[in-house]
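Take a look at the structure set out below.
The values are calculated or read from the model by the stated rules, or taken from the named source; none is laboratory data. Because the structure is a prediction, the values reported are computed rather than measured. Reconstructed Cβ throughout: ideal geometry from the backbone, glycine too, with neighbour counts over all protein chains shown. In case anyone asks, the SASA skips ligands and DNA or RNA and just uses the protein heavy atoms, side chains included. Shrake-Rupley method; radii C 1.70, N 1.55, O 1.52, S 1.80 Å.
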Amino acid sequence: MAERWWVVLALLGVVQLLRLPLAAPQSFIGINYGDVADNLPPPSSTARLLQFTTISKVRLYGTDPAVVSAFAGTGISLLLGATNSDIANLASSPAAAAAWVAAHIPASSPAVSTVSVGNEVLFADASLASQLVPAMQNLYNALPPNSSIKVSTVHAMDVLASSDPPSSGAFKPELDTALDPVLAFLSKTGSPFLINPYPYFAYLSDPRPETLAFCLFQPNAGRPDAGSGLTYTNMFDAMVDAVRAALDAKGYKDVEIVVAETGWPHKGDPDEAGATPENARAFVSGLVSHLRSLAGTPRVPGKSVDTYIFAVYDEDLKPGKGSERYFGLFQTSLTETYPTGLVRNGTAGLGPAMAPAQAPTSVQPAPALPKPGQQPQVTPAQQGSAAVAGPSGLCSPGTATARGAAVACSRHSSAESSRTFSVLTIIAGLLFTALQMLI
């Protein structure tokens, strides 16, 4: 009789599993929210948009109060940025750092996980290198008692002198004077090493088909690392493990790695190989599936590295090559640029297209978004519009909506579908076994 009660309890547990959402937020997936543009939706609309995804954290490049406050009550945590121009002031005195914390760290919500002091400082402005750790230390000391907020700084992959094979990963010796104090601070405070690995740029330097497959998480022969005996099947893991090898060689095995930026442009200049919506979709969806698998990397298996994908929107005012302006996962119409596997089921289209502001100082009303848990309202398509043409040309795999048209392509990603199938298969097996025991 006791056995049967245990079986009944097991069945009840399985029923509860069936009620759990299959697209719950994942603590290891975040996104970068840049604002070098003149056509972005209000921050409140962006915060609501991200609530319809499995993204659980957002990296900001500054501390705009309107943006920070928009995430209050969303359950999304923030990685805040003290800009490079803040470093000298923060390093100048503990009082300056205390004033910065009082002005920019919310008292309760939204939660702040990390503050990045500067972005790629060692290459952006070498004159700030000597002030970086004093600024980080003053800011850390100014945090409230028992605060869980980490203090770090973001680095480009250029800090490495060697990265291929990954086991040869090593920092540039000429950066020792500036980088060694940073690593010591991170180890002492339990803060992560923030790095920006971009497989896209690795492909640009070696635009062979086999390199593209390796960068896009597509089937490939793999690349053996003779130094470690490990084999790599994607560039993302290889880049992360090269950083891990460099940290380990310095004696900092305790310092965790966080990917502060990675992404793939969906458009670029004619000479920018691979900047297409098909490749962007393959990279982002492949990355999301890889992170969700919890496989980790060959050097550190079984744990996904916290990763912030670049970026929420395209940024039309960014200087440089064309690709710099086209990393957005979402359009300003609050629809996906291409399917990513990040949007919860049934909410791929979250609102009608928003008219851009008439002037930089004017703000247009935000598109209406449904409340979490509700289905989005679909605006009827007008005769002759792209939406009426149907999904065949606009929502087919590997394509983006023409010229950023707002089309809701509500298609489950392959990662999401396979995850759903796997979970249901396991549940069905448990139910069958329990029923056999009852009989």
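Taking the 1.4 Å solvent-accessible surface of segment 92-204 as the whole, the part contributed by carbon and sulfur is 54%.
Computed from the C-beta positions of residue 170 and residue 231, the FRET efficiency with R₀ = 25 Å rounds to 0.75.
An oblate overall shape is assigned to segment 22-336, the ratio a/c of its alpha-carbon gyration tensor axes (a ≥ b ≥ c) being 1.5 or greater and a/b not exceeding b/c. Compared with the direct C-alpha span, the chain from residue 36 to residue 189 gains 51.9 nm at full extension, assuming 0.36 nm per residue. Computed over neighbours whose Cβ is under 12 Å from that of residue 222, the net charge equals -2, Lys and Arg +1, Asp and Glu -1.
Among the listed pairs 188/318; 250/303; 57/188; 188/267; 57/321; 150/267, a Cα-Cα separation exceeding 31 Å is found for 188/318; 188/267; 150/267. Near residue 193, the amide H atoms lying under 5 Å from its own belong to 256, 257, 258; only residues 5 or more places off or on other chains count, and H is placed 1.01 Å from N.
Remark: segment 130-135, residue by residue, has Karplus-estimated 3J(HN,Hα) of 6, 9, 5, 5, x, 5 Hz, where x stands for each Gly or Pro and the curve is 6.51 cos²θ - 1.76 cosθ + 1.60 at θ = phi - 60°. Using the Karplus relation 6.51 cos²θ - 1.76 cosθ + 1.60 with θ = phi - 60°, the per-residue 3J(HN,Hα) values for segment 162-170 come to 8, 9, 10, x, x, 5, 8, x, 8 Hz, with x marking Gly and Pro. Distance from the Cα centroid of segment 95-128 to that of segment 251-293 is 25 Å (rounded to whole angstrom). With all protein chains in place and ligands, DNA and RNA left out, the 1.4 Å accessible area ranks 153, 276 as 276, 153, largest first.
Taking amide hydrogens as placed 1.01 Å from N in the peptide plane, the amide H of residue 151 sits under 5 Å from those of 115, each at least 5 positions away in sequence or on another chain.
Using 0.36 nm times the number of residues separating residue 303 and residue 27, minus their current alpha carbon distance, what extension gain do you get? Fully extending the segment from residue 303 to residue 27 adds 98.2 nm.
The HN-Hα couplings worked out from phi for segment 324-332 by the Karplus form 6.51 cos²θ - 1.76 cosθ + 1.60 (θ = phi - 60°) are 4, 9, 10, 9, x, 7, 10, 8, 5 Hz, whole numbers, x standing for Gly and Pro. Near residue 247, once Lys and Arg are set to +1 and Asp and Glu to -1 for all other residues with Cβ below 13 Å from its Cβ, the sum equals -1. Take each peptide in 178-189, 216-227, count the other Cβ atoms within 10 Å of every residue, and average; sorted highest first, the result is 178-189, 216-227.
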